[in-house]
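To keep things clear, I will list the structure first and then write my remarks on it.
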Amino acid sequence: MLGRLAGFVVRRRRAVLVVALLLALVGGAGGATLFDRVKGGGFDDPGSESGRAAEILRDGFGQGPPNLVLLVDAPKGVDDPAAARAGAGLGKRLAGEEGVVNVASYWDGRAPQLKGKRGDKALVVATIRGDDTAVEKRLERLAGAYEGKRDGLEVSVGGYAMLQHEMVEQSQKDVQLGEAIVFPVTLVALVLLFGSVVAASLPLAVALLTVLLGMATMWALTQVTDLSVFAINVITLLGLGLAIDYSLLVVNRYREELRAGNAGPEAIAATMRTAGRTVVFSAVTVAVALSGLGLFPMLALRSMAYGGIVTAGLSALVSLTVLPALLAVLGDRVGRGRERATGFWHRVASFVMRRPVGVAAPAVLVLLVLGAPFLGIKLGMPDERVMPESSGARHVATVVRGEFSSGEQNALQVVAPEADGRLGAYAERLSRLDGVARVDTSTGSYADGARRDVRGAFAQGRAAYLSVVPEGDAGRVVKRVRAEPAPFRVLVGGTAAVNEDGTASLKHRLPYALAAVVGMMLVLLFLLTGSVLLPVIALVLSGLSLTAAFGALVWIFQDGHLSGALGFTVTGTTIATVPVMLFGVAFGLAMDYQVFMLARIREEYELTGDGTRAVAMGLERVGRIVSAAAVLMAIVFLAFLVSGMTFMKAFGIGLPLAVLMDATLIRGALLPAAMRLGGRATWWAPGPLRRLHARFGLREADAAEAPSFSGDFSGFDRVR
C-alpha cells in the first residue's frame with residue numbers, strides 16, 4: 001500500500017505540494033482564532049460530588065461558586081466617608097450587572113471579614129453566572145469596566161474566572177515565543193546534522209504544515225466539543241517534535257537508498273516500504289499512549305489526548321505524502337552534504353553485548369537514583385501561584401492570602417436536593433466545625449453555633465444550599481464538612497471541593513488508564529516484532545526512561561530546587577495532573593523511539609537470522625538518527641521553559657530529560673544488554689502466535705524480499 005502511495009505521490013508531486021500549500025493557508029486562518037475558542041483550566045471532574053453540586057446550583061438556583069473578586073485599595077482607609085460611598089456604589093453597580101449574582105461587599109455591612117487587616121483594602125466578591133464561554137465573555141467586559149481608578153479607589157480584578165482567562169492569554173504568548181525560538185535553533189541543528197541546507201529544511205517544512213493543520217483540526221473540534229488551551233501546546237510542540245522525528249527517519253532512509261544506487265523514484269518507493277511503515281506504526285503507538293489521557297474526566301487531560309492523537313496522525317500523514325513529494329522534486333540534492341561515520345553505535349552495541357550485566361546494572365541504578373525523589377511526591381491542584389507575578393489574578397490572590405482573614409472567595413456550597421426543617425440545625429452544627437468562619441443559608445447566617453441575620457434566598461422548593469465560608473485551609477474544611485453527619489443527602493461543592501475531587505479522580509482512574517495503554521502496547525509491539533518477550537522488554541525500558549523525569553519533577557518543582565533560576569513559586573506540592581500528562585507524552589515518545597529501533601533491528605534479523613548482529617547493525621543504522629531526533633526533540637521541549645506558567649515549565653524539564661535518557665542509557669545500553677541477556681528467548685513466540693504474526697504482523701522489510709528466521713537463534717550466541 002505504501003509503495004502504491006509512493007508511486008502516486010511521485011507522479012502527482014506538484015499537485016500534492018499545491019494542495020499542501022492551500023491546506024497550510026486554511027490551517028493558518030483557522031488557527032488564528034483558535035485561542036478565542038479554547039478554555040483555560042479544565043482540572044475538575046464534572047461527574048464528581050462537587051461537579052454534581054455545581055450542576056444543581058446552576059440549573060436549580062442559577063448560582064455558582066464565587067469566581068470574581070474585586071480588590072479595592074483606598075489610600076485613606078476603607079472607612080473613610082468618601083471611600084465608603086464609592087465602595088458601596090461599586091458593590092451596587094456590580095450587583096446590577098447582567099449575569100452577576102451573589103455579590104458580597106465589605107460596605108454592605110454584612111461581611112466585616114472582607115476588610116483587610118491594615119484597613120486600607122476591602123473586597124467585593126461575586127459570581128459570574130453561566131458556562132465557561134459565557135463567563136469568559138462577561139469577564140472581559142467587567143474587567144475593562146471595573147479595573148483601574150474608580151472614584152478615588154484603585155480596583156484590581158481577580159478570582160477564578162480571571163485566572164482562567166489569563167491562562168489562555170499566557171498560553172498564547174508562550175506558544176508564539178516558543179515557536180520564535182524553536183524554529184531557528186532547530187534549523188541550525190538540522191544543518192549541522194545533514195550538512196545540507198536543502199535536507200535540513202525538509203523536516204521544518206513538514207513540521208510547519210503539521211502544526212498548521214493541527215490548529216485547523218482543533219478549531220473544527222471546538223465546534224462540537226469543549227477544548228482546553230493545553231491542546232494547543234500539544235499541537236505546537238509535539239507536532240514539531242514528531243514531524244521532525246519522522247522526517248529525519250524518512251530523509252535518512254532516502255539518502256541510504258540513493259547511496260545504494262537506487263534512482264530517485266525507486267529510492268522513494270523503497271523508503272516508503274521501509275521507513276514509511278515504521279512511521280505509520282510509530283504514529284499509532286504514540287496515539288495509543290496519549291489516548292490513555294482520554295480516559296480521565298478532566299477537560300485538560302482529554303484535550304491533550306485529542307491533540308496528541310491528531311498530532312501523531314497528521315505528522316505521519318504529512319511525512320508520507322508531502323515529504324515524498326518534496327523528495328521527488330528535489331531529487332539527489334537531498335543526498336548531498338557531509339556524511340558522518342556511523343560505526344560508533346555499532347561499537348557501543350558490541351561493547352554492551354559483551355558485558356551486558358556490567359553495563360545494565362549501573363545504568364539501572366543511575367535511573368533509579370534519579371527517580372528516587374518521586375517517592376516523596378505530594379499531590380495538589382494548581383492555584384494562582386502557577387502564573388507569573390505579573391498576573392492580575394495572582395496579585396489579587398496574594399494580597400487576599402496575606403491581608404485578609406476571610407475565606408469568602410473560597411466559600412463551599414453544600415447542596416441539599418431535598419432539605420427539610422432540620423436545615424437550620426445542620427447549619428448551626430457546621431458553623432461550629434474547626435476552620436469554619438460562617439455558614440449562610442435560607443434560615444439565617446451562623447457563626448460559632450449562633451444565628452445572626454437572614455442572608456437571603458438559599459432555597460428553591462424543597463432544595464436548598466448552604467454557603468460555608470472557611471478560615472484557613474479550605475481543603476481541610478471540605479473533609480470536615482463531608483465527615484459531619486447530615487440529616488438529609490448533601491453534596492459539597494466549591495473550588496476547594498473541586499480540587500479535592502480532582503485529585504481523588506486521578507488516583508482512581510490511573511490504574512485503569514495504565515492497564516489499557518499497556519495492554520494495547522503489548523499487542524502493537526507483538527505485531528511489530530513477532531516476539532512475546534520483546535514487547536515486555538520495550539515497556540519496561542520505556543518506563544525506566546521516565547524515572548529521571550519524574551524525580552526531577554518532584555526535586556525541582558515540589559521541593560523548590562532551581563526555583564530562582566527557572567522563575568517559579570514553590571508551593572510544596574506537585575500539581576496532580578502534571579505527572580499524568582508527562583507520562584502520557586513522554587511514554588508515547590519513548591515508545592516512538594522503541595519502534596524506530598526495534599523495526600530496524602527486526603529488519604536486520606530477518607535478513608541475517610543473527611540476533612547479535614541484528615542488534616549491532618540496527619543500532620548502527622538508526623542510532624545516529626535516534627540520537628539526533630532526541631536532541632532536536634529536547635530542543636523543542638525546552639521551549640516550554642519560556643512559559644510563564646509553572647506546570648508548563650515542568651514539561652520543559654521533564655520531557656527533555658525523558659527523551660535524552662531514552663536515547664542514551666536506554667537505547668545505547670539497556671536495550672542491547674536486555675536483548676543479549678534474553679538470548680534465544682528474545683525473538684521466541686509460540687506456534688499459534690508466530691502464525692498470527694506471519695499473517696497480520698508489520699515489518700519494515702518486505703516479506704517477499706526477506707526470509708523468515710523465527711526459528712533460528714544460533715547467531716545470538718556470539719558477538720560480532
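The table below lists the values:
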quantity	calculated
Residue match in region 397-414 (condition: over 38 Å from the mean Cα position of the chain (by Cα) and part of a loop (DSSP other than H, G, I, E, B))	no
Index of the failed condition, A200 passing every other in (1) without any contact (Cβ under 8 Å) to a residue 40 or more places away in the chain; (2) crowded, with 17+ Cβ neighbours inside 10 Å; (3) under 23 Å from the mean Cα position of the chain (by Cα)	(3)
Failed item in (1) buried (at least 17 other Cβ atoms within 10 Å of the Cβ); (2) free of Cβ contacts under 8 Å to residues at least 24 places away in the same chain, with G109 passing the rest	(1)
Some residue of region 543-564 being closer than 18 Å to V284 by Cα, in contact (Cβ under 8 Å) with a residue 12 or more places away in the chain, outside any loop (DSSP other than H, G, I, E, B) and of a type in the set (A, V, I, L, M, F, W, C)	no
Selection within region 91-104 - more than 21 Å from F61 (Cα to Cα) and either buried (at least 19 other Cβ atoms within 10 Å of the Cβ) or touching a strand residue (DSSP E or B) at 6+ places or on another chain (Cβ under 6 Å) (or both)	G91
Condition check for F230: of a type in the set (A, V, I, L, M, F, W, C), more than 29 Å from L68 (Cβ to Cβ) and not assigned by TED's automatic domain parsing to the domain that holds A630	no
Qualifying residue in region 148-160 (condition: part of a helix (DSSP H, G or I) and without any contact (Cβ under 8 Å) to a residue 12 or more places away in the chain)	no
Looking only at region 568-581, and only at residues there that are in contact (Cβ under 8 Å) with a residue 60 or more places away in the chain and of a type outside the set (S, T, Y), the one that is farthest from T547 (Cα to Cα)	F568
Residue match in region 154-169 (condition: in contact with a Ser or Thr (Cβ under 6 Å, 6 or more places away or on another chain), farther than 30 Å from V100 by Cβ and surrounded by 19 or more Cβ atoms within 10 Å (Cβ to Cβ))	no
Wholly enclosed strands (runs of 3 or more DSSP E) of region 431-531 bearing at least 1 residues surrounded by 22 or more Cβ atoms within 10 Å (Cβ to Cβ) and either assigned by TED's automatic domain parsing to the domain that holds W683 or within 33 Å of the chain's Cα centre (by Cα) (or both)	463-470, 491-493
Region 128-142: number of residues that are surrounded by 13 or more Cβ atoms within 10 Å (Cβ to Cβ) and more than 29 Å from the chain's Cα centre (by Cα)	1
Selection count where residues are crowded, with 23+ Cβ neighbours inside 10 Å and in contact (Cβ under 8 Å) with a residue 40 or more places away in the chain, scope region 417-429	2
Residue among E620, E606 that alone is in contact with a His (Cβ under 8 Å, 6 or more places away or on another chain), touching a residue at least 24 places away in the same chain (Cβ under 8 Å) and charged (D, E, K, R)	E620
Which numbered condition R667 fails, given (1) under 24 Å from G567 (Cα atoms); (2) modelled with pLDDT under 90; (3) of a type in the set (K, R)	(1)
Lone unmet requirement of (1) of a type outside the set (F, W, Y); (2) in contact with a Gly (Cβ under 8 Å, 6 or more places away or on another chain); (3) modelled with pLDDT under 85 for R613	(3)
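Every residue, every condition in (1) part of a helix (DSSP H, G or I); (2) not hydroxyl-bearing (S, T, Y), yes or no:
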position: A207; (1), (2): yes, yes
position: A216; (1), (2): yes, yes
position: T236; (1), (2): yes, no
position: G241; (1), (2): yes, yes
position: V251; (1), (2): yes, yes
position: G261; (1), (2): no, yes
position: A275; (1), (2): yes, yes
position: V286; (1), (2): yes, yes
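The values are calculated or read from the model by the stated rules, or taken from the named source; none is laboratory data. Just so it is clear, the structure is predicted and the values come from calculations on it, not from any experiment. We place every Cβ from the backbone using ideal geometry, glycine too, and count neighbours over all the protein chains shown.
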